[in-house]
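Colleague: Can you keep this structure in mind? I'll have questions shortly.
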Amino acid sequence: MAELVLSFLMVLMTCSTISFSYPSGAPLSACETMKPGHDGVYPQPKPAPYIMKINSSSYLYGRPIKVQILGPAYRGILLQARTHAGTMLYGTWLDPPSNTKILACPDNPLGSITHSNTNLKDKHTTYIWMPPNASCPYNLFFIATVAEAFDVYWLGVRSALITKDPAATCSDNINTGLTSFSSGTSAPAWRPALYSILCLQLALFLA
């Protein structure tokens, strides 16, 4: 009987991890909130042990900017370029480094980059961002959610401000900041629900 109960609990624990964690990248629901959607897990209240390093204090279309996250190795990431005015995403991410991918958010399909697995990323992981060629606000910054582990993550890790280069000819009008389109490879929205159903059936079978 004890072995049956133990098996039942192990199934439930496994199902919880499958249903509510996103080891292959942030969900589309995180595009605006930047919250990873880990059920019952909240961002760390203490200051993040991460610093965002960028190689330029100004931006100009055609001149990519390198972004690195300095600090302890991490497993999860969601990285975007924004302004203080809202949740609009600017520019596009190029050639995601190993263990990462583009997250095709609805308003800018190339405006977010996230992890593709839970392999460790570190200060040597370099993200390449191409500035927008339209809708160029005066100031931008990079912002990230960084997850050291499933239940340990920080919201709002920010870079220093970057300013539109005086040579930039793009308008200040606020639209999308898109330079191109990608269909993305995000997992279907029904997949977590299917996992939950399968897990429930397995739990009932063991019972």
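The values are calculated or read from the model by the stated rules, or taken from the named source; none is laboratory data. This structure is a prediction, so every number in the text was calculated from the model and none was measured. All Cβ positions, glycine included, derive from the backbone under ideal geometry; neighbour counts span all protein chains shown. For the accessible areas, the whole protein counts, side chains as well, though only heavy atoms, and no ligand, DNA or RNA atoms are used. Shrake-Rupley method; radii C 1.70, N 1.55, O 1.52, S 1.80 Å.
Colleague: Enumerate the pairs (first residue in the range 32-58 and closer than 19 Å to residue 82 by Cβ; second residue anywhere and modelled with pLDDT of 90 or more and among the polar types (S, T, N, Q)) with beta-carbon separation below 6 Å, excluding pairs fewer than 6 apart on the same chain, so at least 6 apart or on different chains.
Modeller: Filtered contacts from the range 32-58: 32/87; 34/145; 52/159; 53/68; 54/159; 58/163.
Colleague: Can you run down the residue pairs with Cβ atoms below 9 Å, 6 or more apart or on separate chains, where the first is in the range 96-110 and open to solvent by less than 20 Å² (accessible area, probe 1.4 Å) and the partner is among the acidic types (Asp, Glu)?
Modeller: 105/32
Colleague: For residues that are modelled with pLDDT under 90 and open to solvent by 80 Å² or more (accessible area, probe 1.4 Å), tally how many sit in the range 18-28.
Modeller: 1
Colleague: Tell me yes or no: at least one residue of the range 107-117 is aliphatic (A, V, I, L, M), in a loop (DSSP other than H, G, I, E, B) and over 11 Å from the mean Cα position of the chain (by Cα).
Modeller: Within the range 107-117, one or more residues are aliphatic (A, V, I, L, M), in a loop (DSSP other than H, G, I, E, B) and over 11 Å from the mean Cα position of the chain (by Cα).
Colleague: Answer with yes or no whether residue 130 is under 20 Å from residue 27 (Cα atoms) and surrounded by fewer than 21 Cβ atoms within 10 Å (Cβ to Cβ).
Modeller: When the stated conditions are applied, residue 130 does not pass them.
Colleague: Mind telling me which of the residues 59, 90 ends up being aromatic (Phe, Trp, Tyr) and part of a loop (DSSP other than H, G, I, E, B)?
Modeller: 90
Colleague: If the Cβ limit is 9 Å and pairs must be 6+ apart or interchain, which residue in the range 131-144 that is without any contact (Cβ under 8 Å) to a residue 12 or more places away in the chain pairs with which residue that is open to solvent by 40 Å² or more (accessible area, probe 1.4 Å)?
Modeller: As it stands, the answer is none, since no pair meets every condition given.
Colleague: Among the residues of the range 74-90, which ones are closer than 22 Å to residue 23 by Cβ and open to solvent by less than 40 Å² (accessible area, probe 1.4 Å)?
Modeller: 74, 76, 77, 78, 79, 80
Colleague: Also, quick follow-up: When the range 43-69 is examined, which residues are found to be in contact with a Gly (Cβ under 9 Å, 6 or more places away or on another chain), among the β-branched types (Val, Ile, Thr) and surrounded by 15 or more Cβ atoms within 10 Å (Cβ to Cβ)?
Modeller: Listed by number, the list holds a single entry, 65.
Colleague: Let me ask you something else. Exactly one of (1) surrounded by 15 or more Cβ atoms within 10 Å (Cβ to Cβ); (2) closer than 28 Å to residue 42 by Cβ is unmet by residue 151. Its number?
Modeller: For residue 151, the exception is condition (1).
Colleague: Hey, another quick one. For residue 100, indicate whether it is among the β-branched types (Val, Ile, Thr) and modelled with pLDDT under 95.
Modeller: Against the criterion (among the β-branched types (Val, Ile, Thr) and modelled with pLDDT under 95), residue 100 does not qualify.
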